Amino acid sequence: MAVKLRLMRMGKKKQPTYRVVAADSSSPRDGRFIEIVGTYAPRSEPSVVNIDSAKAIKWLSRGAKPTERVEKLLRVSGTWDEFTASASK
């Protein structure tokens, strides 16, 4: 089973909020997921990114691949730097 860290759309029409989830790569975008890793609210000023670093690093160390957007969000939150620092040891 290939796991991806990706966004799951929530919220009303034209007012999106997203969950960052660990999901099987074959499941649909808003379908089944394994675990919620964080949230992303792009419409607030400035946009709000809440990532649980421990959960994200756990999934990344298990081999989960983040999508491009999720990787950017991980970089913004600082989680990506924590992961690469721990992976290089």
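What follows draws every value from the coordinates through simple rules; no lab data is involved. Just so it is clear, the structure is predicted and the values come from calculations on it, not from any experiment. Quick reminder, even Gly has a Cβ in these numbers, built from the backbone with ideal geometry, and neighbours come from all protein chains shown.
The charge dipole of the chain, taken about the Cα centre with unit charges on the Cβ atoms of Lys, Arg (+1) and Asp, Glu (-1), comes to about 360 debye, rounded to the nearest 20. Secondary-structure-derived ellipticity at 222 nm for the chain, considering helices only, amounts to -9000 deg cm²/dmol, per-run term -39500 (n - 2.57) for DSSP H runs with n ≥ 4.
Here the gap between residue 10 and residue 81, fully extended at 0.36 nm per residue and compared with their Cα-Cα distance, gives a gain of 22.8 nm.
Toward the positive end of the charge dipole of the chain, with +1 on the Cβ of Lys and Arg and -1 on the Cβ of Asp and Glu, the farthest Cα among 64, 88, 18 is that of 18. Sorting 36, 57 from the fewest to the most surrounding beta carbons within 10 angstrom yields 36, 57.
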